[in-house]
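In what follows, a structure is listed as structure tokens, so that the remarks can point back to it.
Computed from the coordinates by the stated procedures, all read-outs in this text should not be read as laboratory data. For clarity, every value in this text was computed on a predicted model and none was experimentally measured. Heads up, the Cβs are rebuilt from the backbone with ideal geometry, glycines too, and the neighbour counts pull from every protein chain shown.
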Amino acid sequence: MAACASRPKPTGPVAAAPPPAPPPAEQTAPPPSPVGESVLPGSERDFVINAGDRVYFDFDRYDVRTDAQPILDAQAAWLQRYPAVQVRIDGNCDERGTREYNLALGARRANAVRDYLTAHGVAADRITTVSYGKEKPIDAGSGEEADAHNRNAHTALLSGAR
């Protein structure tokens, strides 16, 4: 049979632990976030981070998908906040199809984004469109995942950003 050892209770006064020292003044506030420092309101980085610069399309389609609408809504709001900014919508396609077909499909995708933005308050004279078809893929891989990345419309800031 085993028993727990017990310690005798202290008989004299016990000294209290000293209070913790306050932190040095330079450490009382957390350091600023490096991301926050590099994002200038109205800049291209601000646009990319807070609105998003690219939306994606289904195979052989140019209608704006439901998941693209919040991004385009954010783009429209951002562009209304910065009315001096001019943009170009780049329409892109995957590698399937002929060059001519994909140039036409890329143009329809760019125009669909332009039409969405103008319907949400962005002046049409601030937006230009271009189709790159399948000529400028963002994903050099092959297969459905790469194709899905390459079916997009990219909003590029041309002028007026900080």
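Counting neighbouring Cβ atoms within 10 Å and putting the fewest first, the residues Asp63, Asp46 line up as Asp63, Asp46. Using the Cβ-Cβ distance between Ala123 and Asp63 with R0 set to 22 Å, the FRET efficiency works out to roughly 0.45. The antiparallel fraction among DSSP beta bridges confined to segment 40-159 stands at about 60%.
Can you give the percent of C-alpha pairs in segment 71-151 whose distance is more than 19 Å?
42 percent
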